[in-house]
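Engineer: Quick one: structure below, then a few questions.
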Amino acid sequence: GHMEYNFEKKNVVDFVGGITSDFTPLAKQQKDIAVSFESSSKEIFASIDTTTFRQVIQNFLDNSLKYTEKGWIKVSLKEEQKSVLVTITDSGLGMDKDLLPILFEQFRRDPSIAKKIQGTGLGLFISKQIVQAHHGDTWAESEGKGKGSTFFIRIPKA
């Protein structure tokens, strides 16, 4: 498992905004889910590998759509002192607190819905590896079942 990265300085506002914009019609068409994007700044630069970082954002968006039957998905970027924080929040199924610490492990899925919603349990694990290669961190929060989820990605600014 070795992956090659090609880091370049990018405006992550345009980059993540573009991915979100491309995703919006799919969410509307598949489940009539409203998707929104906002950023605290017009430009926030970070050193990213565009191919793999795109995979992370798309994976989180796909998961939000997969686990949200109705409502919305909100993507936001916030410029912090030394980093950029990407959050993807949804009004979906949410998660029990005991699932959160193990969510990013290989082959981990919520057992209560694993039979209803297909998946390998590898997407979040791979996403975490990619974010760590960007010298960042990723985690999830949820108030519980039926209360939606928020996924976070924090990477250093360029």
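The values are calculated or read from the model by the stated rules, or taken from the named source; none is laboratory data. Just so it is clear, the structure is predicted and the values come from calculations on it, not from any experiment. Cβ sites come from the backbone with ideal geometry, for glycine too, and all protein chains shown count toward neighbours. When the accessible area is computed, the model is the full protein with side chains, heavy atoms only, and any ligands, DNA or RNA have been set aside. Shrake-Rupley method; radii C 1.70, N 1.55, O 1.52, S 1.80 Å.
Engineer: For the range 1-85, just the Cα atoms, rotate onto the principal axes and tell me the three extents in Å, largest first.
Structural biologist: 35, 35, 17
Engineer: Related question: Quick one: angle between helix 12-31 and the longest Cα principal axis of the chain, in degrees between 0 and 90, rounded to 10, please.
Structural biologist: Around 20 degrees separate the two axes.
Engineer: Taking the Cα atoms only, what angle lies between the long axis of helix 123-133 and the longest principal axis of the chain, rounded to 10 degrees?
Structural biologist: 20
Engineer: Sticking with this structure for a sec: Tally Lys and Arg at +1 and Asp and Glu at -1 over the other residues with C-beta under 13 Å from the C-beta of residue 32: what net charge comes out?
Structural biologist: So the surrounding residues net to +2.
Engineer: With labels modelled as points extended 7 Å from the Cα through the Cβ direction, what inter-label distance (nm, one decimal) is found for residue 158 paired with residue 135?
Structural biologist: Each label point lies 7 Å from its Cα, and together they span 1.3 nm.
Engineer: OK, next. Placing +1 on the Cβ of each Lys and Arg and -1 on the Cβ of each Asp and Glu in the range 1-107, which of 76, 55, 103 has its Cα farthest towards the positive end of the resulting dipole?
Structural biologist: The residue sitting farthest along the positive end of the dipole is 76.
Engineer: In addition: Which angle from 0 to 90°, rounded to the nearest 10, does the C-alpha axis of helix 50-66 make with the longest principal axis of the chain?
Structural biologist: 20
Engineer: FRET efficiency for residue 36 and residue 4, Cβ-Cβ distance as r, R0 = 30 Å, nearest 0.05?
Structural biologist: 0.30
Engineer: Here is a further query. Using heavy-atom solvent-accessible surface (probe 1.4 Å) with all chains present, what is the largest-first order of 155, 102?
Structural biologist: 102, 155
Engineer: Around residue 39, which amide H atoms from residues at least 5 apart in sequence, or from another chain, sit under 5 Å from its own amide H, with H modelled in the peptide plane?
Structural biologist: 77
Engineer: Can you tell me the alpha carbon radius of gyration of the range 1-47 divided by the globular rule-of-thumb value 2.2 N^0.38 Å?
Structural biologist: 1.49
Engineer: Okay, moving on. What is the sum of charges, Lys and Arg at +1 and Asp and Glu at -1, for the other residues whose Cβ falls under 9 Å from the Cβ of residue 151?
Structural biologist: Working: positive: none; negative: 90, 141.
Neighbourhood net charge equals -2.
Engineer: Once the piece of chain linking residue 125 and residue 29 is laid out straight, how much longer is it, given 0.36 nm per residue of separation minus the C-alpha distance between them?
Structural biologist: Full-extension gain reported as 31.8 nm.
Engineer: Scan the chain and hand back the longest stretch that contains none of the GluC sites (Glu not before Pro) lying in DSSP loops with at most 13 other Cβ atoms within 10 Å.
Structural biologist: Excluding the exposed sites themselves, the longest stretch runs over 5-42.
Engineer: Between residue 72 and residue 145, what FRET efficiency follows from the Cβ-Cβ distance if R0 is 22 Å, with the result rounded to 0.05? Before the final figure, lay out the partial values.
Structural biologist: Working: r = 18 Å, r/R0 = 0.82.
With R0 = 22 Å, the Cβ-Cβ based efficiency is 0.75.
Engineer: Counting only DSSP beta bridges with both residues in the range 1-108, tell me the antiparallel percent, nearest 5.
Structural biologist: Given both bridge residues lie in the range 1-108, the antiparallel proportion sits at roughly 65 percent.
Engineer: Right, here's the next one. Please compute the length gained on full extension between residue 58 and residue 96, using 0.36 nm multiplied by the number of residues separating them and subtracting their Cα-Cα distance.
Structural biologist: 11.3 nm
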